[in-house]
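Asker: I'd like to ask some things about the structure below.
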Protein chains: 2
Amino acid sequence: MGGDHAPEEIVAGAVAAVRDHDVRLVLVGQAWRIRRELDLYGMVGKIPIVHADEALDMGEGALASWRKPRSSIAIACHLIKQGRASALVSAGSTAGVVATSRLRLKGQQGVLRPAIAVTLPTRPRPTIMLDAGATTDVKPEGLVQFAALGTAYAQILLGLERPTVGLLTIGTEPAKGNKTTRRAHELLTTGSHGMEFTGNVEGHDLLTGKVDVVVTDGFTGNVALKTMEGTIRTAFAEVRDAMTSTPAARMGALLQRRRFQDLRDRLDPDTYGGGVLLGLNGTVVIAHGASRARAVTSACDLAHRLAAGRIVERIREQVALTRTSRFGRWTHGDRDGTDRQPDRTPEDVPRLPEARPAADTVPDRKEPPAAP
Amino acid sequence: MGGDHAPEEIVAGAVAAVRDHDVRLVLVGQAWRIRRELDLYGMVGKIPIVHADEALDMGEGALASWRKPRSSIAIACHLIKQGRASALVSAGSTAGVVATSRLRLKGQQGVLRPAIAVTLPTRPRPTIMLDAGATTDVKPEGLVQFAALGTAYAQILLGLERPTVGLLTIGTEPAKGNKTTRRAHELLTTGSHGMEFTGNVEGHDLLTGKVDVVVTDGFTGNVALKTMEGTIRTAFAEVRDAMTSTPAARMGALLQRRRFQDLRDRLDPDTYGGGVLLGLNGTVVIAHGASRARAVTSACDLAHRLAAGRIVERIREQVALTRTSRFGRWTHGDRDGTDRQPDRTPEDVPRLPEARPAADTVPDRKEPPAAP
């Protein structure tokens, strides 16, 4: 139900994922609206629906996850907890999706804080950056964990055995940066973390593919990502102006039209956008709010691949390696489970009504579907 | 002596500033090399030279300011302290220039931390962003002061009476951001600071000209600035690829060449790059390390305008206004002078040899030159 074009484009994308990518999924939301859309593709009864009374609005932030315990995203989380799904995809408001899934799925054991990983449009292969906004205040140990999350993610997404990891800061020397990154650099270089840490990277390295995984806190990462998106948008608007400023230039533009379309598509955040929330007991793929069917399909495919690659287990293994630091100055080993949900104790969590499949649409299947 | 093309391009730029912009300046560095360059323009004896034995290398960081008390930049600071100059321009390593001028000029009274202000190439008028890297760990009160520094700077540079100020964070709602920006937002909205604070801005607003002054800490600002520069470079490389990928596209490119050159110039960091270090007892203009003569000329012109606009006094007045916060929870009123140079006490500062003009080149002038 989330995103600017829900449920039409979401359902269209899901149908394509089922047909073309062999993804098994469940649609969660207002049953009658989803059924109407499925009808257009002749897929009623072929894709199961789980009804949800409510949905988070795009403008709603973190608090909505408390106000709306029966939102489609909360119900989807519940399916994961029940083992009936392994991952979820949403194009809803990032703040709402992150808050709801943190609340419902909880942080996975050993992980201090979750992070959103995004892929940047570098060539020949994309660069992964995390955190893009899930955790704004991060301790040095948290950054080391983000490096572990990113490594596990890159192993599955890019198929690399030892993806290279860089720390986003303001100079290549270890002493450059703020207090947090300086200490994180120390931790990353001294311990044996089972990661390929190659040192600091700077803002201008983000699009050059210098490393496979760029690690940063959620505040800096979000600013950098939005700066990049805004700059690309401005640059293309300027280029379009330049290309159509004179009759001769307009003629030139006609000759280049197709290539430019390709280029704009590749760098357009609506195409490459979206992220994956890592570090929870379940995989959460957050598609761009403006996602059309094609973006939804690739988000479903991504969720499917991550679930098949057992991302949660990989993260657990990778994070466990980060604790074998030589100096034994780690603190997060003691804090598991207490530091992850600092705002409320588990008893405060509003009870979630039992998720009930809309009677006529969910087939009686025993095995959990791959990615709702 | 600083920069990739010193002293040739520096002297050429300085000569143009003297001839075309009526800037009065002093050249500081190795006297014989500067004299040789001046000779090319027939300006020997017309622009005074102050000899400096040493110069900071481009690779040298903050420590060099301690190791080299007779560096050209240290001597130039000394000229300001003596009242023989009102501002200095350098294309040297940013870290070295910032460290040396903090050490020599000291922070101006009432200012917690200095900030580097850069201008972003927005239209119709540029946007000022600070801090671009002078102070990486900033308290909320420091961000409020940066807003004051930026306001004073924008008043002179852009000629606006009440420039609008935005706080760079990750969402427009006051609650978005990290701990520091949330508190800074609170301080900026509750007090009467004599500033036009319009709220939060995000990364994608940097190039849209949404506000006149964007305030952020030196870490985030540096990452955002470099991300912008890197993205522009990547986008133009891709555009060039697209424009020359087929014979037809190449033909098109020919038709657009001039407009593209203009555009690239405008967005090229080597053109608009460089910054101004605000908050010290004297104005320090840091030109881009790759500066050619034209960039040096405009840096000299900028230094001249800031000195003529009495930027240091303006900052003092503007910062004084930020202390009249309604809640009286400010701490920086008590810390003036102690918090600015936390690493060393004044006694530790290595003694600077008396700056001595190279005998034959400095005319015996009473009035201080405007901008060395």
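Asker: Just want the answer: with Cβ charges of +1 for Lys and Arg and -1 for Asp and Glu, which residue in B:Val214, B:Ser245, B:Pro114 is farthest toward the dipole's positive end in region B:112-278?
Answerer: Of the listed residues, the answer is B:Ser245.
Asker: Further, regarding this structure: What does the copy distance list look like for B:Gly159, label position 7 Å along Cα→Cβ, in nm and ordered from shortest?
Answerer: Inter-copy label distances (nm, one decimal, shortest first): 6.0.
Asker: Further question: Can you list, shortest first in nanometers, how far A:Asp137 lies from the same residue in the other copies, with each label 7 Å from Cα toward Cβ?
Answerer: 1.5
Asker: Near B:Gln155, within a Cβ-to-Cβ distance under 12 Å, what is the net charge of the other residues, with Lys and Arg +1 and Asp and Glu -1?
Answerer: That works out to -1.
Asker: Enumerate the amide H contacts of B:Leu27 below 5 Å, restricted to partners 5 or more residues apart or on another chain; note that Pro and chain-start residues carry no placed amide H.
Answerer: The answer is B:Ile49, B:Val50.
Asker: Moving to a separate point now. Can you give the extra length, in nm with one decimal, that the chain gains between A:Asp20 and A:Lys46 once fully stretched, where that is 0.36 nm per residue apart less the Cα-Cα distance?
Answerer: 7.9 nm
Asker: Also, quick follow-up: Taking the Cβ-Cβ separation of B:Arg70 and A:Asp4 as r and a Förster radius of 56 Å, what is the calculated FRET efficiency to the nearest 0.05?
Answerer: Efficiency, rounded to the nearest 0.05: 0.35.
Asker: Each residue of region B:11-25 in turn: what ³J(HN,Hα) in whole Hz from Karplus with 6.51, -1.76, 1.60 and θ = phi - 60°, glycine and Pro shown as x?
Answerer: Those phi angles translate into 5, 4, x, 5, 4, 4, 5, 5, 6, 9, 10, 6, 7, 9, 9 Hz.
Asker: Convert each backbone phi in region B:305-311 into a coupling constant with the Karplus relation 6.51 cos²θ - 1.76 cosθ + 1.60 (shift: θ = phi - 60°), then list the ³J(HN,Hα) values in order as whole Hz, x for Gly and Pro.
Answerer: Per residue, the Karplus-derived 3J(HN,Hα) values read 5, 5, 5, 5, x, 6, 4 Hz.
Asker: With just the Cα atoms defining each centre, how far is region A:275-299 from region A:172-233? Give it in Å.
Answerer: 23 Å
Asker: While we're on this one: With a Cα-only, solvent-free Debye model of region A:149-197, what are the log10 I(q)/I(0) values at q = 0.15, 0.21, 0.22 Å⁻¹?
Answerer: Rounded to two decimals, the profile gives -0.44, -0.76, -0.80.
Asker: Right, another one. Counting partner chain Cβ atoms within 10 Å of every residue's Cβ in B:210-223, what's the average?
Answerer: 4
Asker: To continue, here is another question. Measuring label to label, 7 Å along Cα→Cβ, what does B:Arg294 give against each other copy in nm, shortest first?
Answerer: Nearest first, the other copies' label points are 3.9 nm away.
Asker: With θ set to phi - 60°, apply the Karplus curve 6.51 cos²θ - 1.76 cosθ + 1.60 along region A:177-193 and write out the HN-Hα couplings as whole Hz, x wherever there is a Gly or Pro.
Answerer: So the Karplus estimates, Gly and Pro as x, are x, 9, 4, 5, 6, 4, 5, 5, 4, 4, 4, 5, 8, 8, x, 10, 9 Hz.
Asker: May I pose another question? For region A:115-274, what size does the Cα cloud have along each of its three principal axes, sorted from largest down, in whole Å?
Answerer: 61, 32, 26
Asker: Under 5 Å between amide H atoms, partner at least 5 residues away or on a different chain: which partners does B:Thr127 have, H built in plane at 1.01 Å?
Answerer: B:Leu120, B:Thr122
Asker: Can you bin region B:15-132 into rounded, prolate or oblate? Criterion: square roots of the alpha carbon gyration tensor eigenvalues sorted a ≥ b ≥ c, rounded for a/c under 1.5, prolate for a/b above b/c, oblate for the rest.
Answerer: Since a/c reaches 1.5 but b/c is at least a/b, the shape of region B:15-132 is classed as oblate.
Asker: Non-local amide H neighbours of A:Leu167 (under 5 Å, H modeled in plane, Pro and chain starts lacking H): which ones?
Answerer: Amide H neighbours of A:Leu167, under 5 Å, 5+ apart: A:Gly199, A:Asn200, A:Val201, A:Val215.
Values in this text are rule-based calculations from the coordinates and carry no lab data. In this text the structure is predicted, and so the values were computed from the model without any measurement. Cβ coordinates were reconstructed from backbone atoms using ideal geometry, including for glycine residues, and neighbour counts include every protein chain displayed.
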